[in-house]
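Novice: Okay, handing you the structure first.
The values are calculated or read from the model by the stated rules, or taken from the named source; none is laboratory data. The structure presented is a predicted model; accordingly, all values stated were derived computationally and were not measured. When we count neighbours, we look across all protein chains shown, and the Cβ atoms used for this are built from the backbone with ideal geometry, even at glycine.
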Amino acid sequence: MIAVKRLILACLFLPSMAPAAETIGIVTMQEGGATLLRGASRYVVAEGVRLVQGDVLELADKAFSQVEFSDGTIVGLGPQSRFLALSYPPGGARSSGGGELFLLRGWMKLVSAPQKGRTIERYGSPLLELSPDGTAVMQVLAPEAAVFMESGEGRVSQLSGHGKAGDPVRLKTSQFFTCKPDQRGSVASRPSQGFLGALPRSFMDTLPARAAKFKERNVAPKRSGDFTYAEVQDWINSVPAVRKAMVSHWQSKLADPAFRSAIAAGIKEHPEWDRLINPEKYQEPLTNRSGQSQLSGNR
């Protein structure tokens with residue numbers, strides 16, 4: 001009997017072991033510096049590092065990253081890009097799609113996976129959303145966004161200031177779509193000179209499949225410290241879907257007084273955090289046995 005009690009007590013005081021997050025992709029090429037934001041920490045990106053849902057990649061000047069996802073999608077990221085693995089359903093639900101990658105800023109070249117077994121269906125940004133079947137290049141700048149359909153075809157929708165998608169526009173091979181916040185998007189038969197002139201050199205070639213080289217090589221990312229609110233403010237104040245995801249992935253940062261204070265000060269820009277900052281607003285009022293709210297007092 002004593003042995004049983006000791007076993008129960010030992011189990012109670014063991015740290016809870018949360019299941020490891022599922023790997024959704026691998027960094028198969030890395031040139032220049034890049035940072036991985038995961039949970040409350042910052043890590044250094046290297047070839048062979050596995051990604052999970054919610055990971056953020058931020059590239060330095062002149063850097064290039066290639067990520068190959070488990071459904072066969074290949075993504076290349078250009079200099080100064082800010083990228084999020086926004087949504088990636090777990091293994092059992094992948095046949096229904098639903099996966100989404102998000103480019104906050106910079107350059108992304110994508111090669112969509114075959115339709116059968118494809119998980120990633122959408123590629124979002126603050127100004128537009130793309131659903132491709134082929135190879136495309138997306139550019140996101142502060143005042144505008146653009147998509148070049150290199151091969152295949154796709155549907156692109158311009159987003160409103162509230163993140164609502166407008167009517168989709170069909171893009172065919174070699175067509176070019178561009179839009180600005182205060183202007184309706186337009187389709188051209190070829191990319192603009194400005195787009196071609198700024199195109200990263202690494203995007204001019206086919207993205208090579210390299211995942212097989214890292215099948216047995218799991219590289220752990222090296223931690224390089226924490227991040228501040230100012231460094232991720234653009235993510236926290238992004239479109240609704242991204243804002244909501246950041247609450248889930250970064251709520252542990254509220255233990256940092258400076259981070260919590262900054263979240264509270266700008267709560268109008270990211271109302272999704274309000275339930276964590278002001279939980280008393282969402283509590284059910286206490287009632288006595290007669291059903292009367294104890295907060296209202298006696299009349």
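Novice: Given the options 186, 224, name the one that is within 21 Å of residue 37 (Cα to Cα) and hydroxyl-bearing (Ser, Thr, Tyr).
Specialist: Exactly one residue qualifies, and that residue is 224.
Novice: Has the stretch 132-149 got any residue that is more than 22 Å from residue 245 (Cα to Cα), among the hydroxyl-bearing types (Ser, Thr, Tyr) and surrounded by 15 or more Cβ atoms within 10 Å (Cβ to Cβ)?
Specialist: Yes, because at least one residue in the stretch 132-149 is more than 22 Å from residue 245 (Cα to Cα), among the hydroxyl-bearing types (Ser, Thr, Tyr) and surrounded by 15 or more Cβ atoms within 10 Å (Cβ to Cβ).
Novice: With 160, 238 as the choices, which residue is assigned by TED's automatic domain parsing to the domain that holds residue 250 and polar (S, T, N, Q)?
Specialist: On inspection, the qualifying residue turns out to be 238.
Novice: Restricting attention to the stretch 208-221, does a residue exist that is in contact with a helix residue (DSSP H, G or I) (Cβ under 6 Å, 6 or more places away or on another chain), of a type in the set (Val, Ile, Thr) and not assigned by TED's automatic domain parsing to the domain that holds residue 106?
Specialist: For the stretch 208-221, residues in contact with a helix residue (DSSP H, G or I) (Cβ under 6 Å, 6 or more places away or on another chain), of a type in the set (Val, Ile, Thr) and not assigned by TED's automatic domain parsing to the domain that holds residue 106: absent.
Novice: Quick check on this structure: which one of 212, 258, 265 is on the phi < 0 side of the Ramachandran plot, loosely packed, with under 13 Cβ neighbours inside 10 Å and touching a Phe, Trp or Tyr at 6+ places or on another chain (Cβ under 8 Å)?
Specialist: Just a single option satisfies the conditions, and that option is 258.
Novice: Please go through the stretch 209-230 and give me each residue that is over 18 Å from residue 112 (Cβ atoms) and assigned to a helix (DSSP H, G or I), ordered by number.
Specialist: Of everything in the stretch 209-230, those that are over 18 Å from residue 112 (Cβ atoms) and assigned to a helix (DSSP H, G or I) turn out to be 212, 213, 214, 229, 230.
Novice: Looking only at strands (runs of 3 or more DSSP E) that fall completely inside the stretch 48-123, which ones have 3 or more residues that are touching a residue at least 24 places away in the same chain (Cβ under 8 Å) and not hydrophobic (A, V, I, L, M, F, W, C)?
Specialist: The strands (runs of 3 or more DSSP E) meeting that bar are 64-69, 99-111.
Novice: When you look at residue 135, is it in a strand (DSSP E or B) and assigned by TED's automatic domain parsing to the domain that holds residue 186, yes or no?
Specialist: Judged against the criteria, residue 135 is a match.
Novice: Before we move on, is residue 248 exposed (fewer than 12 other Cβ atoms within 10 Å of the Cβ), under 22 Å from residue 125 (Cβ atoms) and either under 20 Å from the mean Cα position of the chain (by Cα) or among the polar types (S, T, N, Q) (or both)?
Specialist: Taking the combined requirement at face value, the residue satisfies it.
Novice: Consider residue 170 carefully, then state whether it is in a strand (DSSP E or B), touching a residue at least 24 places away in the same chain (Cβ under 8 Å), assigned by TED's automatic domain parsing to the domain that holds residue 99 and surrounded by fewer than 18 Cβ atoms within 10 Å (Cβ to Cβ).
Specialist: Answer is no for this residue.
Novice: When residue 222 is evaluated against the numbered criteria (1) touching a residue at least 24 places away in the same chain (Cβ under 8 Å); (2) under 28 Å from residue 269 (Cβ atoms); (3) of a type outside the set (Ser, Thr, Tyr), which criterion, by number, is the only one it fails?
Specialist: (2)
Novice: Could you please let me know if residue 206 is part of a loop (DSSP other than H, G, I, E, B) and either under 23 Å from the mean Cα position of the chain (by Cα) or under 23 Å from residue 64 (Cβ atoms) (or both)?
Specialist: Yes.
Novice: Let me ask another. Starting from the stretch 175-199, take each residue that is in the same structural domain as residue 150 (by TED's automatic domain parsing) and outside any helix (DSSP H, G or I) and list its partners that are β-branched (Val, Ile, Thr) and at pLDDT 95 or above, counting only C-beta distances under 6 angstrom and pairs at least six apart or across chains.
Specialist: What qualifies is 175/187; 177/147; 177/156; 177/187.
Novice: Test each condition in (1) surrounded by fewer than 13 Cβ atoms within 10 Å (Cβ to Cβ); (2) at pLDDT 95 or above; (3) closer than 30 Å to residue 167 by Cα; (4) not aromatic (Phe, Trp, Tyr) for residue 184 and report the one that comes out false.
Specialist: Checking residue 184 against (1) surrounded by fewer than 13 Cβ atoms within 10 Å (Cβ to Cβ); (2) at pLDDT 95 or above; (3) closer than 30 Å to residue 167 by Cα; (4) not aromatic (Phe, Trp, Tyr), the one that fails is (2).
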